[in-house]
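Written below as structure tokens is the structure these notes are about.
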């Protein structure tokens, strides 16, 4: 979680929406932008932790930002294990459900 919190920063008054754990290959249908971004960087069977935040975000204000130039949602992708930041996707709506505040 600290890696994800650092990625969105405090200037956006980010509010945690939830955390989900996926394999990269399982993102292809529900989150194609994330899949396209990660498929060449992380093996498809490897796990990534997605941490969703609401607030006001711009792709230039978050770490490794991509997607929309600005939006009310940010999804931070973190390699697990290892806690390596893979990118922060700025969106208008969430690509997957984030019902949990923990990854499992």
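Based on Cα contacts under 8 Å between residues 6+ apart, segment 11-93 shows a relative contact order of 27 percent.
From the coordinates of this entry, Cα Rg over 2.2 N^0.38 Å is computed, and it appears in (i) 2.04; (ii) 1.23; (iii) 0.94 under the label (iii).
Taking each residue as 0.36 nm, the span from residue 15 to residue 45 lengthens on full extension beyond its C-alpha to C-alpha distance by 7.9 nm.
Beta bridges from DSSP with both residues in segment 8-92: antiparallel share about 90 percent, rounded to the nearest 5. Inter-part distance, segment 24-39 to segment 58-93, computed on C-alpha centroids, equals 13 Å.
Coordinate-derived values only; no laboratory data. Remember, predicted model here, so these are calculated numbers, not experimental data.
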